[in-house]
Amino acid sequence: MWLIGILLVIVIFAVVLVLAALRAPEPTDPIQQRLAEYGDRDTPLTLEEIELSQGFYDRMILPMLNNIGKMAMRFTPQATLESARDRLASAGNPMGIEPGIFLTMRIVLALLLGGAIFYVFALSRRNWVQGLLLTGLFTFLGYSFPDLWLSGRISARQKNIFRSMPDALDLLTISVEAGLGFDAAMAQVHEKWDDELSRELGRVLREIRLGKTRREALRSMADRLGVAELTSFVAAVIQSEQLGVSMGTVLRVQSDQMRVRRRQMAEEEAQRAPVKIVFPIGLLIFPSLLIILLGPAILSMLSSPLGAMFR
């Protein structure tokens, strides 16, 4: 009975997480959204109208999480907050989560999941040692789940950036060779495409307009994303700027290297495919074939005089 209760709690928890992820709003720029609201109306919006125009998540859930996160930040070491802030920046700040909110989510999920398992065992009055072990296990899983989710977002974002780099470098090369400056070429990539890399280039341009040097803005982007190929590209651009090498030549060489690297990565994944297929074949396909092929023979053997000996 207690096992059914645990499975029920896990299923409910998974359904709630899936629904929350599906209903989570996409990250938007609040400044651009506010400017668009003012541009569409002849009269300015009042503060009450602005608040009512926001959804329930923005008006209730997000401020509550922010307040809890601010309280948690007072008791959290600065190094932990900086690490969480860097990881959230690498993931693209999903749903606008602050470091304090992220750490609060880990603690709340750990308490909820561990408390639910402990409550099920308390009702069933089973083996307390086993119940405490499972409570500790699910508490650890609840605490680790947000970090695993964030690691998945970071990995997916890095793959997306890596795959879009050769095409972006081609457009940068064409723009620079056509006579545009490097900043104007980055603006072309930002305007033409809408992906993770183009948004990061747009952020670099905004930082340059706010007073950062190009070198600092590019290095910040490379540190924030953590893609080795992008870090190499940024180092080459900075070095060419310092040494006075033609930017078009550097971009063309980097574009060719990125295409070779992407081809090598595709071949590497193709080489891994046979190894990955072994487990589904051994666990799913072979047992089904054995049942289909040997099932009639086993039934015939059981109905024969030889099968009567095993009854």
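Read the figures in this text as sums done on the coordinates, not as results from a lab. Not measured: the values here are computed from a predicted model. For neighbour counting, all protein chains shown are included, and Cβ atoms are generated from backbone atoms with ideal geometry for every residue, glycine included.
Observations on the model:
- Loop trypsin sites (Lys or Arg not before Pro), the stretch 179-265 (other Cβ atoms within 10 Å of the site Cβ: 16 or fewer; DSSP): LYS212
- Cα-based shape type of the stretch 160-263, given that a ≥ b ≥ c are square roots of the gyration tensor eigenvalues and the cut on a/c is 1.5: rounded
- Dipole magnitude of the stretch 167-294, debye to nearest 20 (Cβ charges: Lys/Arg +1, Asp/Glu -1, about Cα centre): 220
- With Cα atoms defining each centre, the stretch 93-138 and the stretch 165-212 are spaced 45 Å apart in the structure.
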